[in-house]
Amino acid sequence: HSVVISGTGLYQPPHIISNAELVAAFNAYADLQNAQHADEIAAGTRAPLTHSSVEFIEKASGIKQRYVIEKDGVLDPTRMYPRFQERSDDQLSLMAEIAVDAARKAIAAAGKQPADVDAIFCASANMQRPYPAMAVEIQQALGASGYGFDMNVACSSATFAIEQAYNAVRSGASKCVLVVNPEITSAHLEWKDRDCHFIFGDVCTALIIERADTATSADQWEILGTKLVTQFSNAIRNNFGFMNRAEDSDPNARDKTFKQEGRKVFKEVVPMAAAHIEAHLGTLETAPATVRRFWLHQANLGMNQLIIKKLIGESMGASGSDVAPLILDTYANTASAGSIIAFHEHRADLKTGDLGVICSFGAGYSIGSVIVKKR
Ligand code: CO8
């Protein structure tokens, strides 16, 4: 069967944190810590925390603000992480709630009913709990049929799920798949570390992937192919997990939230991603220059500039370009959802026959590309 993406949806959290607010909170936290540990700092046994800066953040990353589900806890210098109300087992969980919001929008955009969905892949860099699977809770809340499961490939979760959906529909096993990417990055970002406190934001994206012969939406994107690759790296890592208790490790240790060697990631992933896209296009006997739009993973402005330079020789400005739009400035890095937000917001102007590439890259390392053609 021919397979299409026939609708997308976006949940946008209610709160914005500007770089200025973020830096003010971090600097207040650093001052508090330094005052609290003044004796050790004076004795030379502890290094003082240094301030963050808006200029550094914008120059190093291209990020100007981020959306978050809860803001006060993140900006409280005595806390520095979001404050969520624990919910009882019979309430819809927070992650399912934002997933259902984005999913309903994607289903409506595709002109479908929730009952038409016969498989749900909830793909995200972190799940709220191990079980029951988020996807099964989402399935019930929507009133969808079939089955659902969760999958995690960090920043490449969405593209990897698109390949699973593409194959499920192509084989005839499923008719209409919901891929949904609830990214509550604020809960696993280390807001107390100036090296990374600016990087992430919360969001949820959703896509409907179905057989072309059942699609009725006016906006259809035929999937021409998908290509996934992984290569192990410790450069981006989070050691939080169910073994922590048994290992008697400190739940607040630095390695139990997101950490990375940003420079190393930048240097290693850029050539991998560019070569991956070029090779994937090559399997369809297509060159990067014929691609009308690249919806790239949104982690860092400089990374996307270099990838586009390598692919088509274009020097892309700080606000992205027509061929590779940027959403990083307003949403920050939203893990797996970034390239899908770009696809959601920047495709209306393409014409029948135009080619596009959705591409993610991140922890793992993992890279996933999806080549689509406007129908
Ligand atoms: N303010 C001021 N100065 C700072 C700050 C700050 N906030 N932070 C660092 N500095 C200083 C450093 O200490 C350093 O000082 P010195 O030169 O004296 O040592 C100097 O600024 C330069 O620091 P860096 O070398 O770290 O700066 P870079 O130019 O490399 O920029 C970036 C840092 C922005 C992190 C950059 O390296 C980058 O974006 N790299 C790519 C990273 C990337 O894309 N990672 C992908 C991760 S996402 C992913 O895969 C998903 C994971 C799962 C989701 C997790 C959700 C929480």
Could you check F258 against (1) surrounded by fewer than 18 Cβ atoms within 10 Å (Cβ to Cβ); (2) within 16 Å of the ligand (Cβ to nearest atom); (3) in contact (Cβ under 8 Å) with a residue 24 or more places away in the chain; (4) not polar (S, T, N, Q) and say which number it fails?
(1)
Looking at (1) open to solvent by less than 10 Å² (accessible area, probe 1.4 Å); (2) more than 16 Å from the ligand (Cβ to nearest atom), can you tell me which one A337 breaks?
(2)
Hey, S321 among the hydroxyl-bearing types (S, T, Y), within 16 Å of the ligand (Cβ to nearest atom), open to solvent by less than 50 Å² (accessible area, probe 1.4 Å) and touching a residue at least 12 places away in the same chain (Cβ under 8 Å) or not
no
Kindly establish whether F294 is under 30 Å from M127 (Cα atoms) and in a helix (DSSP H, G or I).
no
Residues within the range 213-230 that are in contact (Cβ under 8 Å) with a residue 24 or more places away in the chain, under 13 Å from K112 (Cα atoms) and of a type in the set (A, V, I, L, M), tallied:
1
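Which members of the range 287-311 meet the condition of being closer than 23 Å to K351 by Cα and surrounded by fewer than 17 Cβ atoms within 10 Å (Cβ to Cβ)?
Result: A287, A289, T290.
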Tell me yes or no: at least one residue of the range 150-165 is among the aromatic types (F, W, Y) and more than 30 Å from R254 (Cα to Cα).
no
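Can you list the helices (runs of 4 or more DSSP H) found entirely within the range 47-150 that contain at least 1 residues being away from the ligand (no atom under 14 Å from the Cβ) and in contact (Cβ under 8 Å) with a residue 60 or more places away in the chain?
Filter on the range 47-150 gives 94-109.
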Are any residues in the range 17-34 closer than 17 Å to G201 by Cα and surrounded by 15 or more Cβ atoms within 10 Å (Cβ to Cβ), and if so, which ones?
I17, N19, E21, L22, V23, A25, F26
Could you go through the range 189-205 and let me know if any residue there is more than 16 Å from the ligand (Cβ to nearest atom) and surrounded by 15 or more Cβ atoms within 10 Å (Cβ to Cβ).
no
If we keep only residues of the range 167-188 that are over 30 Å from H51 (Cα atoms) and part of a loop (DSSP other than H, G, I, E, B), then the residue farthest from the ligand (Cβ to nearest atom) is G172
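The values are calculated or read from the model by the stated rules, or taken from the named source; none is laboratory data. These numbers were taken from a predicted model, which means no experiment stands behind them. As a convention, Cβ positions derive from the backbone with ideal geometry for all residues, glycine included, and neighbour counts pool all protein chains shown. The area values use the complete protein model at the heavy-atom level, side chains included, leaving out ligands, DNA and RNA. Shrake-Rupley method; radii C 1.70, N 1.55, O 1.52, S 1.80 Å.
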